[in-house]
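Okay, structure first, notes after.
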Amino acid sequence: MERNPMRRQLAIMRQSLFDQGHVDEQFVQLEELQDDANPNFVEEVVTLYYRDSARIILNIEQALERKPFDFRKLDAYMHQFKGSSSSIGAKKVKAESTLFREYCKSGNGEGCMRSFQQLKKEYATLRKKLGAYFQLARQAGPVETASRPK
Amino acid sequence: MELMKSENIVQDRQPQPQEEEEIMQQEEEEEQRFHVLAVDDSVIDRKLLEKLLKASSYQVTCVESGEKALEYLGLLHHSSPASSSSQHHHQGHKVNLIMTDFSMPGTSGYDLLKRIKGSSWKDVPVVVMSSENVPSRISIRCLEGGAEEFMLKPLQLSDLHKIQAHLLKSLPHS
């Protein structure tokens, strides 16, 4: 059947997201909340995350352009960002957020800037990978319609 | 003109007795379901919490701030609303459980907790949530302030049994 290779490919893609450490157990929680009533729930949440967090990323970027750094503000922004990232199971992004906050707490401006660059990389990588994953998921379609007659 | 007239007739049609019964049944069923008021400034966390709670067939109302929660509860301008007929019914709202994020701009989760416990909603169980391991003095402060529990976000399906336990506490004693 045509759909099976796609589903296999999808499963491989999904496994690699976990194996490469991009997502954690929380992502599984999102999957478990997905049902027939909300068949694209995970994609919806991730889309919402990227839309909502874009604002925070911008705020941090702007805050890093103002010297001297307001570490309290930077930390507050990152607390918010970390929370959202954690809620979707974005493992690497979350780890980088934690690092950034530690640099804030120790007033290490250089560390903040380095960490933020790395964070943006992970954030972009995850977006690409999840984008490809959801696209394939849509193509693979729900298992039930596979045998529907024309 | 004729067409509009008949449209109006369709719209103003009184529900048939059978439909009326169905509507009443639906409303009764909704009345029987637990209603959770969820307060969180994060749009992601609101969406997740709503889905989680709806997965247990609870009714959910999500608000984005402590202020909005106070407004919903009718506590925004008065310290205590007019007397109500039953424990958890005010303003036409029934609330069986309030779940609030701890760190929110403006009215914090703790502020909200204190306002609720100092009002006629004081018997509604309140759960405080936080996205990080807060120092124990903070979680203790919330518990002393009347919170049932301090829970770590993101909440998981496995946390639902704890939520159900708090909701069952809210049932009136026979």
Inter-site label distance for B:Leu76 and A:Asn40 at 7 Å from Cα along Cβ, in nm: 3.4 nm
With all protein chains present and a 1.4 Å probe, how do B:Thr107, A:Thr98 order by accessible area, largest first? A:Thr98, B:Thr107
Going by amide H atoms built from the backbone, whose H comes under 5 Å of the H on B:Met151, apart from near neighbours? B:Val128, B:Met129, B:Ser130
Just add up the charged neighbours of A:Cys112: K/R +1, D/E -1, any other residue whose Cβ is under 13 Å from the Cβ of A:Cys112. +1
Stokes-Einstein D for the protein assembly as shown (10 °C, 1.306 mPa s, Kirkwood Rh from Cα pairs), in µm²/s, comes to 70 µm²/s
Quick one: 3J(HN,Hα) in Hz for the range B:146-157, Karplus 6.51/-1.76/1.60 with θ = phi - 60°, rounded, Gly and Pro as x. x, 6, 6, 7, 10, 10, 8, 8, x, 5, 10, 4
Find the relative contact order for chain A and round it to a whole percent, using C-alpha pairs within less than 8 Å whose residues are 6+ positions apart. 29 percent
Taking chain A and counting helices only, DSSP H stretches of n ≥ 4 at -39,500 (n - 2.57) each over all residues, the nearest-500 ellipticity at 222 nm comes to -26000 deg cm²/dmol
Round to a whole angstrom and tell me the spacing of the C-alpha centers of the range B:133-168 and the range A:36-67. 26 Å
29 Å Cα-Cα threshold exceeded, pairs from B:Lys47/B:Lys114; A:Lys129/B:Lys68; B:Lys47/B:Lys162; A:Lys94/B:Lys169; A:Lys73/A:Lys121: A:Lys129/B:Lys68; A:Lys94/B:Lys169
For the pair B:Ser108 and A:Gln135, the simple spin-label estimate (label points 7 Å beyond Cα toward Cβ) gives in nm 4.5 nm
Taking every C-alpha to C-alpha distance in chain A and binning by 10 Å from 0, the per-bin percentages run 10, 37, 27, 16, 7, 2, 0
Placed amide H near B:Tyr58: partners under 5 Å, 5+ positions off or other chain: none
Distance (nanometres) between label positions extended 7 Å along Cα→Cβ at B:Gln25 and A:Arg127: 5.0 nm
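The values are calculated or read from the model by the stated rules, or taken from the named source; none is laboratory data. Predicted, not measured: the structure shown is a model, and the values here were computed from it. Positions of Cβ are backbone-derived with ideal geometry, glycine not excepted, and every protein chain shown enters the neighbour counts. Accessible surface is based on the protein model in full, side chains and every heavy atom, while ligands, DNA and RNA are left aside. Shrake-Rupley method; radii C 1.70, N 1.55, O 1.52, S 1.80 Å.
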